[in-house]
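Heads up: the structure comes next, in structure tokens.
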Amino acid sequence: MLQSVDPAEALYLKTRIDLAMKAIDQEVAPSYNHFDTLEGMKSPEWLIADGSDASSVAVLGLLHYYQWTGSATAKHLADMLAAGIADLHAGSGSTWPYGGFLDYSQSFSLWHGYGSNQVEALA
């Protein structure tokens, strides 16, 4: 654990992560559980940069931080973002996007699959 190896660095990182969580909360919380309708489908409004891709990276970081500190804020933010990511799961085995997780909540036709962190973040 970083705290036992370098307590000063651990404190520095904790301070910076707490600031990042505050910024995420300011972006996510006001629009949490609000949806747009896009191309006939519901689209979550609270994802970071309107993307499940960027939000999934944040979820992975928040979960690591939660494991390290037990921060209820980190868990709450991860839960909110994960709900939006799950809402961008679309299609079936025979219809677009074939059960995939769409990357961008503002266009269901733009899909890049970069990193495909969505499944890992939800798992």
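The values are calculated or read from the model by the stated rules, or taken from the named source; none is laboratory data. Just so it is clear, the structure is predicted and the values come from calculations on it, not from any experiment. All Cβ positions, even for glycine, are placed from backbone atoms using ideal geometry, and neighbour counts span all protein chains on display.
Residue by residue, here is whether (1) closer than 22 Å to residue 21 by Cβ; (2) within 11 Å of the chain's Cα centre (by Cα) holds:
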| residue | (1), (2) |
| --- | --- |
| 77 | yes, yes |
| 83 | yes, yes |
| 87 | yes, no |
| 94 | no, no |
| 97 | no, no |
| 107 | no, no |
| 116 | no, no |
Output for Cβ contacts, cut-off 6 Å, separation at least six or different chains, first residue surrounded by 12 or more Cβ atoms within 10 Å (Cβ to Cβ) and assigned to a helix (DSSP H, G or I) in region 1-27, second modelled with pLDDT under 95 and small (Gly, Ala, Ser), reads 2/10; 3/10
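When region 78-92 is examined, which residues are found to be assigned to a helix (DSSP H, G or I) and of a type in the set (A, V, I, L, M)?
Taking region 78-92 first, the residues assigned to a helix (DSSP H, G or I) are 78-87.
Once the filter is applied, which keeps residues that are assigned to a helix (DSSP H, G or I) and of a type in the set (A, V, I, L, M), region 78-92 yields 78, 80, 81, 82, 83, 85, 86.
Considering region 28-48 alone, what residues qualify as being in a helix (DSSP H, G or I) and over 17 Å from residue 65 (Cβ atoms)?
Result: 29, 30, 31.
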